[in-house]
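These notes concern the structure reproduced below.
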Amino acid sequence: AVLIVGFFTMDSLRYMIDFQFEKVQREDVRVALEREVGRGGLLELARLDGVRRAEPLLHYPFKATSQWRSKDIGVTGVGPSTQLLGLIDVEGRPIAVGDRGIVLGQRLAADLGVAPGDSLLLEPLMGRIERERRVPVTQVVQQYLGSGAYMNIHALSRLLDEPFTMNSALLRMEPGTERDLSRRLKDYPGVAAVELKSDARAGIENTLEESMGIMNGILALFAGTIAFSIIYNSTAVSLMERQRELASLRVLGLSTQEVGSIVYRENIALAVVGIGLGIPAGRGLSRLLVMAYDTELYRLPFYIAPKTYMLTVGLSMLFVLLANLAVRRRIQRLDMVEVLKARE
């Protein structure tokens, strides 16, 4: 159970990373602009060498209010037919932003106490627009990363008294042209930042490997110590209680290996029962972790890779083997004469 929980965290985070960078973020390059621009800015980016497709984004901060609850949120405006930002929930179902209204993540909707059909009062937190607007909540969805709030980019632009505006863009590139474009855009007027998806993913994965690798190593050592200690101590007690019977079997002609195999089989049977009970227990603990790590930043998916079960069984049997090797030395040192001379 301890091993499964340790490996589960790595499996879950890897699954979440794959989900985010393969199914949600489908662009190759993300460009952040210094200020809001019109459709001409998108056309200018689309004409750059190597760009196969360009889509606009509008990120804008608001103070969202519902009754007595309020929260500062970031709303993302996307095109109605976006292909580079995969708006999907945790079940893989597409999320439609529609022509009006706002789509909220489940955690954000819970914090604001709203459901589909309710409305939010949005107050812009920057720029010259100060007028509050009431926006209906059209959907509440569950996502792994962040507390998302999404609108049609045209509807969001109208909240800012603009027919169309954007301050970010998603670009799909010809293979191998991403870094060249990144170098050119860094000196481009009006560009605040350029992010390559491949670099962002590599950075997250490297950090994950370092931190989770250490934690999993500690958990494996912890689980191994527990397994070894329990099996070795229970076997040692069994040897003390049955040493007369085992010595008698040696006197009758059985070898040390044959006598030891009786104990070894018992330990293996105990390990099989422990694995059979430990795997469901580990799955249950993993589900508790999913419930515990439901924060504003991320929500762990419940995913355990098949190799985790195989690795858990393999390590458990390795711990049993090490315990059996330690027990074998005790059997070899068994003094048959002294044991048989002892009175019951």
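Rounded to the nearest 20, the size of the Cβ-charge dipole of segment 122-204 about its Cα centre is 80 debye, with Lys and Arg at +1 and Asp and Glu at -1.
Remark: accessible surface ordering of MET10, MET240 (largest first) is MET240, MET10, probe radius 1.4 Å.
Computed with a 1.4 Å probe on the full set of protein chains, the accessible area for GLU44 sits at about 80 Å².
The lysine pair tally for the chain, using Cα distances under 26 Å and a gap of 8 or more places or different chains, is 4. A simple charge model with +1 on the Cβ of Lys and Arg, -1 on the Cβ of Asp and Glu and nothing else charged puts the dipole of the chain at about 720 debye relative to its Cα centre.
The Cα center of segment 188-221 and the Cα center of segment 48-126 differ in position by 25 Å. Peptides 51-59, 217-225, 1-9 ordered by packing proxy, namely the average of other Cβ atoms within 10 Å per residue, highest first: 1-9, 51-59, 217-225. How tilted is helix 306-332 with respect to the longest principal axis of the chain? Cα atoms for both, answer in degrees (0 to 90, nearest 10). Once rounded, one gets 20 degrees.
Report the gain in length on full extension from ALA292 to LEU121: 0.36 nm times residue separation, minus Cα-Cα distance, nm rounded to one decimal. Don't jump to the answer; show the numbers that get you there.
Values: separation 171, 0.36 × 171 = 61.56 nm, distance 3.06 nm.
In short, 58.5 nm is gained.
In the chain, the longest principal axis of the Cα atoms and the axis of helix 2-18 are about 20 degrees apart. Scaling against 2.2 N^0.38 Å puts the C-alpha radius of gyration of segment 173-214 at 1.54. Selection among LEU185, GLY260, LEU322 by position relative to the dipole of the chain gives GLY260 as farthest towards the positive end (Cβ unit charges, Cα centre). Normalised per residue, the accessible area of the chain is 54 Å², obtained with a 1.4 Å probe and no contribution from ligands, DNA or RNA. For SER229, the accessible area of its heavy atoms, probed at 1.4 Å with every protein chain present, is near 50 square angstrom.
Secondary-structure-derived ellipticity at 222 nm for the chain, considering helices only, amounts to -17000 deg cm²/dmol, per-run term -39500 (n - 2.57) for DSSP H runs with n ≥ 4. The length gained on full extension between ARG134 and ASN233, counted as 0.36 nm times the residue separation minus their Cα-Cα distance, comes to 28.8 nm. Counted by Cβ distance under 13 Å from ASP28, the other residues give a net charge of 0, where Lys and Arg count +1 and Asp and Glu count -1. Taking a ≥ b ≥ c as the square roots of the eigenvalues of the Cα gyration tensor, segment 36-140 is oblate, since a/c reaches 1.5 or more and a/b is not larger than b/c. Just the protein heavy atoms count here, and of the accessible area of the chain at 1.4 Å, carbon and sulfur take up 56 percent.
The values are calculated or read from the model by the stated rules, or taken from the named source; none is laboratory data. The structure displayed is predicted, hence computed values, not measured ones. Don't worry about glycine lacking a Cβ; one is built from the backbone with ideal geometry, like all the others, and counts go over all protein chains shown. Note: areas computed on protein heavy atoms with side chains; ligands, DNA, RNA excluded. Shrake-Rupley method; radii C 1.70, N 1.55, O 1.52, S 1.80 Å.
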